[in-house]
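Comments concern the structure below.
Just so you know, all these numbers are worked out from the coordinates, no wet-lab data involved. These numbers were taken from a predicted model, which means no experiment stands behind them. Here the Cβ is made from the backbone with ideal geometry for all residues, glycine too, and neighbour counts use every protein chain on show.
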Amino acid sequence: MPGTESVKHAPQHVAVIGAGMVGLATAWFLQERGVQVTVLDRSGVAAGASWGNAGWLTPGITTPLPEPAVLRYGLRAVLSPSSPVYVPPRADARLLRFLTGFARHSTAARWQTAMRAYIPMNRRAFEGFDALTDGGVTSQTNEAKSFIAAYRTEAERSVLLDELRHIHAAGQEIEYDVLTGAEAREVEPSLSDQVGAAIRLYGQRFINPGQYVHALADAVHARGASLVTGADVVDVHDEGTGVRVVTAAGPADRYDAVVLATGTWLGALARRFGVRTVVQAGRGYSFSIAIDHVPAGPVYFPAQRVACTPLGDRLRVAGMMEFRSAEAPLDRWRISAIAEAARPLLRGADLDARIDEWVGSRPCTPDGLPLIGHTRSPRVFAAGGHGMWGITLGPITGKLLAEQITTGHQPAELRPFGPLR
Ligand SMILES: Cc1cc2nc3c(=O)[nH]c(=O)nc-3n(C[C@H](O)[C@H](O)[C@H](O)COP(=O)(O)OP(=O)(O)OC[C@H]3O[C@@H](n4cnc5c(N)ncnc54)[C@H](O)[C@@H]3O)c2cc1C
């Protein structure tokens, strides 16, 4: 029966397709278990969502995206052209399937079920990063000395306070303080006088994601992996005793197993192995700016859906959720919409001299859960669909999936994420 056949021997040579956070973390943890790895990417290291994202390592607020408030917000947002959520007026069949599935999962009961699936992964998220640090990955994680969610009014703040209560009720710990605007400015002087209410979160971290993923690629390479860029994988064949990986350039190499870690493009190769869940691009934008006082940790404007992260002496500003093709060009109007949303709330920020303007695609699933594990083929594994949280959960995903691939046993944490669901 498909999917129940198991591979008797641990694979010796595995191809990982996709050199983003998820693929490279999986490659690294496979190496920990003595597996020879080849990483293939059609563009390069961190060419997808893993470069310009906000770099938050925030297991305390890592929650499923579909939830009742997002649905209410989303419907309102579709009607407003300046909204941070965009859905094209005419959706194609695939997008409609995603949106109807997403709406179906946006209930309190489904959110709780999905949250219970996330909690065991979230608890171990830092363990993944710490293993990478201990194993010699040179880019460090930074403790968020301050992490402020800032609002104009107390009324706006109630949405996240409610969510934090739901997170606690589901069994996940996250410590926080409720602050006035003045208290928030004392902690974070880059907030403007328009900030009238805030929440300070504790115990989270952040990274410079592009730099981190490149350091991870260097470590994987230094440990003996081949890293092949410009390798556009167009087909994968399970040949019974191994897997053949075909690239657009022609050469097809054989491996004992393959991990599909192609982010928002996961469906293209995974569908033929029984993965029916739609992975939809939730496109986000970012840029970086100079600011008089670089914050000591992330600054979040939830009402504007804008996330800021200190990157060295600059601030990365990120936002937007566009449900449209990953291949659509960068829309400059969206970049200015993010700048205008952040402008009144930041002090001493030069929002007009932006560099590194970027668009990338969160790999979103309708049920808000990633796809991690074997497909219909016992030699072809999926690792992706982490939506808003592929950086936070990339390393622990890699660690647990490498365990499954080499032992044949599915770790309990991965059970809810089976790609054939
Ligand atoms: C604006 C924004 C902010 C975000 N902020 C955060 C955050 O603060 N914290 C967090 O945890 N997450 C965040 N995310 C989400 C996070 O960026 C993603 O979940 C994560 O990067 C996904 O990693 P990945 O490795 O699965 O995919 P990707 O990084 O997209 O990598 C996929 C790779 O596969 C390659 N590929 C695709 N198809 C093929 C093929 N056929 N052959 C060969 N190669 C192929 C691509 O070139 C690409 O390099 C954010 C996302 C955005 C857009």
Inset, instruction - Return the calculated 222 nm mean residue ellipticity for the chain, to the nearest 500 deg cm²/dmol, obtained by summing -39500 (n - 2.57) across DSSP H runs with n ≥ 4 and dividing by the residue count. - result: -10000 deg cm²/dmol
Legend entry - GNM flexibility winner over the chain from ASN142, ASN53, ASN208 (Cα, springs under 10 Å): ASN142
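What full-extension length gain, to one decimal in nm, is calculated for ARG90 and SER325 as 0.36 nm per residue of separation minus the Cα-Cα distance?
Details: separation 235, 0.36 × 235 = 84.60 nm, distance 1.23 nm.
Using 0.36 nm per residue and subtracting the Cα-Cα distance, I get 83.4 nm.
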Legend entry - Peptide ranges 209-216, 406-413, 117-124 listed from the most packed, as the mean C-beta count within 10 angstrom indicates: 209-216, 117-124, 406-413
Legend entry - 3J(HN,Hα) from dihedral phi, segment 340-353, Karplus parametrisation 6.51/-1.76/1.60, rounded to Hz, x for glycine, proline: 5, 5, 7, 3, x, 9, 10, 10, x, 9, 8, 7, 9, 9
Inset, instruction - Would you please put 26-33, 378-385 in order of how densely packed they are, using the mean number of other Cβ atoms within 10 angstrom per residue and starting with the highest? - result: 378-385, 26-33
Inset, instruction - Specify the residue with the greatest mean-square fluctuation among ALA155, ALA225, ALA197, computed from a Gaussian network of the chain linking alpha-carbon atoms under 10 Å apart. - result: ALA155
Legend entry - Exposure proxy ranking, count of Cβ atoms within 10 Å, fewest first, for SER146, SER377: SER146, SER377
Inset, instruction - Please give the helix 209-222 orientation as an angle from the longest Cα principal axis of the chain, in degrees from 0 to 90, rounded to the nearest 10. - result: 20
Legend entry - Exposure proxy order (Cβ contacts within 10 Å, fewest to most) of LYS399, LYS145: LYS145, LYS399
Inset, instruction - Under 1.5 on a/c is rounded, so check that first for segment 136-210, then, if it is not, pick prolate when a/b is larger than b/c and oblate when it is not; a ≥ b ≥ c are the square roots of the alpha carbon gyration tensor eigenvalues. - result: oblate
Inset, instruction - Have a look at ILE291, ILE396, ILE355 and tell me which one the Gaussian network model of the chain (Cα, springs below 10 Å) gives the largest fluctuation. - result: ILE355
Legend entry - Rounded to 10°, Cα long-axis angle of helix 154-170 versus longest principal axis of the chain: 40
Inset, instruction - Return the whole-Å distance between the Cα centroid of segment 379-396 and the Cα centroid of segment 113-172. - result: 16
Inset, instruction - Starting from the Cα-Cα distance between VAL159 and ARG332, subtract it from 0.36 nm times their residue separation and give me the gain in nm to one decimal. - result: 59.3 nm
Inset, instruction - For the chain, give the magnitude of the charge dipole about the Cα centre (Cβ charges: +1 Lys/Arg, -1 Asp/Glu; no others), in debye to the nearest 20. - result: 1260
Legend entry - In degrees, nearest ten, helix 108-134 long axis to first principal axis of the chain (Cα): 80
Legend entry - Under the Karplus curve 6.51 cos²θ - 1.76 cosθ + 1.60, θ = phi - 60°, whole-Hz ³J(HN,Hα) for segment 415-421, x wherever Gly or Pro sits: 3, x, 9, x, x, 8, 5
Legend entry - Fully extended contour minus Cα-Cα distance, from ARG276 to ALA109, at 0.36 nm per residue: 57.8 nm
Inset, instruction - Quick one: dipole size for segment 341-416, taken about the Cα centre, charges +1 on Lys/Arg Cβ and -1 on Asp/Glu Cβ, in debye to the nearest 20. - result: 220
